[in-house]
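The values are calculated or read from the model by the stated rules, or taken from the named source; none is laboratory data. This is a predicted model, so every value here is computed, not measured. Every residue, glycine as well, gets a Cβ built from its backbone with ideal geometry; the counts of neighbours run over all protein chains shown.
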Amino acid sequence: MTKQTTSFVYVTYILASPEKVFEAITRPEIARRYWGHENVSDWNPGSKWEHVRANDQRTVELVGEVVEVVPPTRLVITWANASQAIDPASYSRVTFEIEEYEATVKLTVTHDELEAGSNMAKGVGKGWPIVLSSLKSFLETGRPIDVSSKPKAA
């Protein structure tokens, strides 16, 4: 039986160059500032990629492989919880498309090949909007959003 899959797509416009957006995703010291995690890899196709919590424990939370790299316009990686890394069926795929749009950058993040109804599918629907809003805020103002904050109760 084939598993049901779903995808999540998020589009935002950022007042920055494609190079700055690409660097913010791929350079650990920048990602740490707006994401609270570092994306660690040599960014060559076939290389490992790790999403490491930027704290004293340096916990690897997500893992994957670099599928495609076309700086500064495209990055494709696989994505799985580190605890599920040995299960090929647990991997999904994230595509970052960065394109110039007049005086801004259009960033499209597509997270697909997600198992429908899974915790990962539920999590990315909540996680990507805050992370990408923090990226936008950081690149435009120098101040990120606290990605660990929770909505206030009504």
Problem set entry | Selected residue (only one of Val63, Val76 is over 11 Å from the mean Cα position of the chain (by Cα) and part of a strand (DSSP E or B)) | Val63
For this session: Specify the residue that is surrounded by the fewest Cβ atoms within 10 Å (Cβ to Cβ); the eligible residues are those in the stretch 28-53 that are aromatic (Phe, Trp, Tyr) and within 18 Å of Arg93 (Cβ to Cβ).
Result: Trp43
Exercise. For residues in the stretch 41-60 being in contact with a Lys or Arg (Cβ under 7 Å, 6 or more places away or on another chain) and outside any strand (DSSP E or B), which is modelled with the highest pLDDT?
Worked result: Ser41
Exercise. For the stretch 1-27, what are the residues that are surrounded by fewer than 17 Cβ atoms within 10 Å (Cβ to Cβ) and in a helix (DSSP H, G or I)?
Worked result: Glu19, Lys20
Problem set entry | Residue list for the stretch 79-106, filter: of a type outside the set (S, T, N, Q), part of a strand (DSSP E or B) and either more than 22 Å from Ile30 (Cβ to Cβ) or touching a strand residue (DSSP E or B) at 6+ places or on another chain (Cβ under 6 Å) (or both) | Trp79, Ala80, Arg93, Val94, Phe96, Glu97, Ile98, Glu99, Val105, Lys106
For this session: Six or more apart or on different chains, Cβ under 8 Å: which pairs go from a residue in the stretch 100-124 that's free of Cβ contacts under 8 Å to residues at least 60 places away in the same chain and under 16 Å from Leu62 (Cα atoms) to one that's surrounded by 12 or more Cβ atoms within 10 Å (Cβ to Cβ) and of a type in the set (S, T, N, Q)? Could you list them?
Result: Met120/Asn81; Met120/Ser90; Met120/Ser92
